[in-house]
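Peer 1: Dumping the structure here so I can ask a few things about it.
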Amino acid sequence: MNFLNSEQIMWRDSVERFVDQEIGREYIRQCDMDRRHPDEAYQKIARMGWLQLIFPEEVGGDGMSIFDYALMVEMLSKHGVDFGVAITLPTFTAMNIALHGTPDQKREYLQPFFAGELRFAVSISEPDAGSDAANTRTFARLEGDHYVVNGQKMWCSGSGIKNTVILMLVRTEKTEDKRKGLSVLMIPNTAPGLTIRPLNTLARRSIITNEIFLDNVRVPAGNMLGKPGDGWKIIGGEHLLLERVCVALGYVGAAQGAVSDALRYAQQRVQFEKPIFEFQVIRHMLADMQTQVDAARLMAYRAADMASKGEHCRKEVAMAKLFASETLQTVSRQGIQIMGGYGTLPEFDMERHFREGMQATIGGGTSQIQRTMIAQEMRLG
Ligand SMILES: Cc1cc2nc3c(=O)[nH]c(=O)nc-3n(C[C@H](O)[C@H](O)[C@H](O)COP(=O)(O)OP(=O)(O)OC[C@H]3O[C@@H](n4cnc5c(N)ncnc54)[C@H](O)[C@@H]3O)c2cc1C
């Protein structure tokens, strides 16, 4: 694929080498099996300076384009998209502070984040606010110079990790249009009154996804990101756009990993005195799988390129997220079929790709919601 210049190819290759030599698929697999955060790998990546790549130079970042950053996500995810998410979710959450924070907030949060000392999680969903994310009921009431927060959040990935600040979508005003009256508060996960309970999810096992209960949690008013009422603009727009570009490339990286593993297996596995790759039915399955991954990669590169240039790309990003997530789901299911019983064992990684593929079409906006957004943009022309 020649859409990358020589520097981009070198960058992508160097991330791939780093993942294979410094992290290794066994480590990624074990973190998933143990439901343990890949902390050692996260710290290695912090030491490489890769947590600050995408941030503007004014806040101490390297000013890397979204496209080049997404190339890193593609390679970080080759042995599992959840590993890529564990590394990048705090980054695209912290980007909200770079974009909307006050100078004091940027100073307080971003340098410790770049050093790997502070993490971020994003908490949008609630029991009654899933696809209908603006249906947020968790309420933050201003009392003097503090907000007092009560409610329940659902599905917050990475919120239980040490030294994590949660960027939480809360309601600060009851309004007729439910997208108004929403705000983002930065709440340390150790705040008194906040209880975090891990969920036994199918995927995201190494990051760990939690439900959060808030009982009179007091947060300084200075912990608000942007102005009261800015919540939907911050989270519903820019945050989700960057998240979806990044995860789309993550799904592509993992889907390529799944196809490469299935191909290797088919060439080595002998049944009826020949490698199963010699059976046309298996060969054609692999051909379809690689074709779909290449198509997903092209769509994801287009979306990342448009996002890098600041072009309106809501449709292209939704298409990339939709197609790449469904590709990961499809090729990992076919990968298990090609590997037979071995494909169902954790040691072969395909069942993890399959579980993570199931998560891919739900998290960050379901496939149905992506299709709705694509259709909305088509109607607008
Ligand atoms: C493991 C995991 C990790 C997660 N991590 C996070 C996180 O870190 N932070 C966070 O805020 N959230 C997180 N989420 C939440 C995720 O974003 C939501 O699960 C997702 O948005 C869907 O919401 P829901 O599960 O309530 O499903 P629902 O919204 O109830 O949807 C159920 C079904 O109805 C369909 N549907 C709903 N509305 C429509 C419509 N208008 N048109 C057509 N179909 C529709 C959906 O597509 C789906 O098929 C996570 C979820 C999981 C499972």
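Conditions tested, residue by residue: (1) more than 29 Å from GLY61 (Cβ to Cβ); (2) in the same structural domain as ILE97 (by TED's automatic domain parsing); (3) more than 23 Å from the chain's Cα centre (by Cα); (4) of a type in the set (Val, Ile, Thr).
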| site | (1), (2), (3), (4) |
| --- | --- |
| ILE124 | no, no, no, yes |
| ASP128 | yes, no, no, no |
| SER131 | yes, no, no, no |
| ASN163 | no, no, no, no |
| ARG171 | yes, no, yes, no |
| GLY193 | yes, no, yes, no |
| ARG205 | yes, no, no, no |
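Peer 1: Against the condition in a helix (DSSP H, G or I), closer than 30 Å to PHE272 by Cβ and in contact (Cβ under 8 Å) with a residue 40 or more places away in the chain, how does GLY341 come out, does it pass? Spell out how you get there, then give the answer.
Peer 2: Numbers: in a helix (DSSP H, G or I): yes; closer than 30 Å to PHE272 by Cβ: yes; in contact (Cβ under 8 Å) with a residue 40 or more places away in the chain: no.
For GLY341, the condition - in a helix (DSSP H, G or I), closer than 30 Å to PHE272 by Cβ and in contact (Cβ under 8 Å) with a residue 40 or more places away in the chain - is not met.
Peer 1: Okay, moving on. So how many residues does the stretch 141-177 have that are within 28 Å of THR88 (Cα to Cα) and more than 8 Å from the ligand (Cβ to nearest atom)? First the steps, then the outcome.
Peer 2: In the first step, residues of the stretch 141-177 are kept if they are within 28 Å of THR88 (Cα to Cα); the result is 149, 151-171.
Now drop any that are not more than 8 Å from the ligand (Cβ to nearest atom), which leaves 149, 151-152, 160-168, 170-171.
Total meeting the criteria: 14.
Peer 1: I've got another one for you. Of everything in the stretch 127-140, what is within 13 Å of the ligand (Cβ to nearest atom) and either surrounded by 17 or more Cβ atoms within 10 Å (Cβ to Cβ) or of a type outside the set (Asp, Glu) (or both)? Give them in sequence order.
Peer 2: If we filter the stretch 127-140 for residues that are within 13 Å of the ligand (Cβ to nearest atom), which is where we start, we get 127-136, 138.
Correct list: PRO127, ALA129, GLY130, SER131, ALA133, ALA134, ASN135, THR136, THR138.
Every residue, every condition in (1) touching an Asp or Glu at 6+ places or on another chain (Cβ under 7 Å); (2) at pLDDT 95 or above; (3) farther than 30 Å from GLY226 by Cα, yes or no:
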{"position": "ALA255", "(1), (2), (3)": "no, yes, yes"}
{"position": "SER260", "(1), (2), (3)": "no, yes, yes"}
{"position": "GLN280", "(1), (2), (3)": "no, yes, yes"}
{"position": "ASP294", "(1), (2), (3)": "no, yes, yes"}
{"position": "MET299", "(1), (2), (3)": "no, yes, yes"}
{"position": "LYS321", "(1), (2), (3)": "no, yes, no"}
{"position": "ALA324", "(1), (2), (3)": "no, yes, yes"}
{"position": "GLY335", "(1), (2), (3)": "yes, yes, yes"}
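Peer 1: Hey, any hits in the stretch 176-188 for a residue that's more than 30 Å from GLN290 (Cβ to Cβ), in contact with a His (Cβ under 7 Å, 6 or more places away or on another chain) and not polar (S, T, N, Q)? Outline the logic, then answer.
Peer 2: So the first thing to find is which residues in the stretch 176-188 are more than 30 Å from GLN290 (Cβ to Cβ), and the list is 176-188.
Those still in the list that are in contact with a His (Cβ under 7 Å, 6 or more places away or on another chain) too: none.
No, because not a single residue in the stretch 176-188 is more than 30 Å from GLN290 (Cβ to Cβ), in contact with a His (Cβ under 7 Å, 6 or more places away or on another chain) and not polar (S, T, N, Q).
Peer 1: Can you list residue pairs whose Cβ atoms sit under 7 Å apart, with the first residue in the stretch 261-284 being surrounded by 10 or more Cβ atoms within 10 Å (Cβ to Cβ) and the second being of a type in the set (Lys, Arg)? Count only pairs 6 or more apart in sequence or on different chains.
Peer 2: These pairs meet every condition: PRO275/ARG269; ILE276/ARG269; PHE277/ARG283.
Peer 1: Still on this structure, please answer the following. Would the stretch 141-158 turn up any residue that is within 27 Å of HIS37 (Cα to Cα) and part of a loop (DSSP other than H, G, I, E, B)? Don't jump to the end; show me each part of the working.
Peer 2: Of the stretch 141-158, the ones within 27 Å of HIS37 (Cα to Cα) are 151-158.
In the following step, the residues that additionally are part of a loop (DSSP other than H, G, I, E, B) were identified as 158.
Yes.
Peer 1: May I ask you to list the residues in the stretch 196-241 that are more than 14 Å from the ligand (Cβ to nearest atom), assigned to a helix (DSSP H, G or I) and either in contact (Cβ under 8 Å) with a residue 24 or more places away in the chain or not basic (Lys, Arg) (or both)?
Peer 2: Hits for the stretch 196-241 are ALA221, GLY222, ASN223, GLY237, GLU238, LEU241.
The values are calculated or read from the model by the stated rules, or taken from the named source; none is laboratory data. Computed from a prediction, not measured in an experiment: that's the story for all the values here. Don't worry about glycine lacking a Cβ; one is built from the backbone with ideal geometry, like all the others, and counts go over all protein chains shown.
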